[in-house]
Amino acid sequence: MKEEIDLRIRAFRSIDDREACLKYVQGHEKVLEEYGVPKVTSVKAQWVDNPDVYPIVAESSDGIRIFGGARIQIRNDFQPLPVEEALKDIEPRFQEYIQRELDAGRKVAELCGLWNSKAIAGRGVSWLLTKACVAKAGVTLAQRLKIDTLFVFCSPFTVQMVRNVGFVVETSLGMDGKFEYPKPDMLATLMVCNDLDTLKAADENDRQVVFSLREKPRQIRKEKGPKGDLCIEYQLDF
């Protein structure tokens with residue numbers, strides 16, 4: 001008997017699926033409004049037409065509804081990363097940091113725009129999306145474009161999550177890596193991963209999941225979540 005799929009986690013290039021991108025943007029905006037969070041740089045819709053952006057969405061098995069998402073945005077000459085825009089007036093040294101990376105010939109990217117709707121809140125989908133993004137960045141995109149440095153600018157609620165998949169806090173900037181953003185009573189943490197091939201700093205269990213998705217980007221997995229199991233169909237190749 002075929003197992004019923006609860007969600008599909010799918011990767012694609014932004015310019016290849018504009019309709020899904022617009023659903024992603026609308027969903028992200030709605031979630032921020034529901035939680036009273038000011039509009040942040042990662043929600044701006046200009047990335048929809050950027051060929052160096054790769055969204056990963058959690059959607060219904062028929063592809064009609066998008067319940068959450070994240071994206072990998074690669075730094076190019078015509079659009080800065082969301083974290084660059086976020087920090088340009090707060091921490092000018094970050095732009096120097098980025099420029100040093102680029103001058104050294106390193107490919108720089110950001111894992112950004114992570115959100116999930118209230119309809120699936122508490123099911124652990126953000127964890128699954130994060131692991132899927134790191135898997136995608138470490139294999140398909142790394143092989144094609146060789147991402148060397150992957151940033152994430154995250155809320156206090158997601159610091160441990162991204163730490164578990166191999167990111168470390170960039171303590172050389174801000175207040176030991178922390179910044180008052182998007183408003184004075186909120187803190188965001190700048191984290192970075194420089195070893196996507198090995199993920200040495202990752203939690204071993206999460207590392208194994210990431211490498212499983214790298215080796216087999218199309219698979220169905222039973223994932224354990226805080227509110228019970230989810231049957232996820234992964235489509236991380238394109």
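It is to be established whether one or more residues within the stretch 18-36 are under 18 Å from Phe153 (Cβ atoms), open to solvent by 20 Å² or more (accessible area, probe 1.4 Å), at pLDDT 95 or above and in a helix (DSSP H, G or I).
no
Residue check, Gly122 against (1) part of a loop (DSSP other than H, G, I, E, B); (2) in contact (Cβ under 8 Å) with a residue 60 or more places away in the chain; (3) buried (at least 19 other Cβ atoms within 10 Å of the Cβ), all met but one. Which one?
(3)
In the set Val48, Val43, Val57, which member is open to solvent by less than 10 Å² (accessible area, probe 1.4 Å), at pLDDT below 95 and more than 23 Å from Thr158 (Cα to Cα)? Talk me through it step by step, then tell me what you get.
Details: Val43 fails: more than 23 Å from Thr158 (Cα to Cα); Val57 fails: more than 23 Å from Thr158 (Cα to Cα).
Matching residue, one of Val48, Val43, Val57: Val48.
Under 8 Å by Cβ, and 6 or more places apart or on different chains, what pairs join a residue from the stretch 26-38 that is within 11 Å of Lys118 (Cα to Cα) with one that is modelled with pLDDT of 75 or more and surrounded by fewer than 17 Cβ atoms within 10 Å (Cβ to Cβ)?
Close Cβ pairs satisfying both conditions: Val31/Lys118; Glu34/Lys118.
Could you please tell me which pairs satisfy a Cβ distance under 9 Å, a separation of 6+ or placement on different chains, a first residue in the stretch 213-226 that is free of Cβ contacts under 8 Å to residues at least 40 places away in the same chain, and a second residue that is among the aromatic types (Phe, Trp, Tyr) and open to solvent by less than 30 Å² (accessible area, probe 1.4 Å)?
Lys216/Tyr234; Arg218/Tyr234; Gln219/Tyr234; Arg221/Tyr234
Please enumerate the residues belonging to the stretch 165-222 that are more than 18 Å from the chain's Cα centre (by Cα), buried (at least 20 other Cβ atoms within 10 Å of the Cβ) and part of a strand (DSSP E or B).
Of everything in the stretch 165-222, just one residue is more than 18 Å from the chain's Cα centre (by Cα), buried (at least 20 other Cβ atoms within 10 Å of the Cβ) and part of a strand (DSSP E or B), namely Phe179.
Within the stretch 113-162, work out how many residues are closer than 15 Å to Phe67 by Cβ, modelled with pLDDT of 80 or more and not β-branched (Val, Ile, Thr).
11
Yes/no matrix, rows are residues, columns are (1) open to solvent by 20 Å² or more (accessible area, probe 1.4 Å); (2) part of a strand (DSSP E or B); (3) closer than 20 Å to Tyr234 by Cα:
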site	(1), (2), (3)
Glu91	no, no, no
Tyr97	yes, no, no
Ala109	no, yes, no
Ala135	no, no, yes
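Does Phe151 qualify as being of a type outside the set (Val, Ile, Thr) and open to solvent by less than 20 Å² (accessible area, probe 1.4 Å)? I'd like the intermediate steps shown before the answer.
Details: of a type outside the set (Val, Ile, Thr): yes; open to solvent by less than 20 Å² (accessible area, probe 1.4 Å): yes.
Here the answer is yes, as Phe151 does meet what is asked.
Could you grab me the full set of residues in the stretch 69-89 that are more than 24 Å from Val162 (Cα to Cα) and either aromatic (Phe, Trp, Tyr) or open to solvent by 60 Å² or more (accessible area, probe 1.4 Å) (or both)?
Selection gives Asp77, Phe78, Asp89.
The values are calculated or read from the model by the stated rules, or taken from the named source; none is laboratory data. This is a predicted model, so every value here is computed, not measured. Counting neighbours? That spans all protein chains shown, and the Cβs are built from the backbone with ideal geometry, glycine included. Heads up: the accessible areas ignore ligands, DNA and RNA and are worked out on the full protein's heavy atoms, side chains in. Shrake-Rupley method; radii C 1.70, N 1.55, O 1.52, S 1.80 Å.
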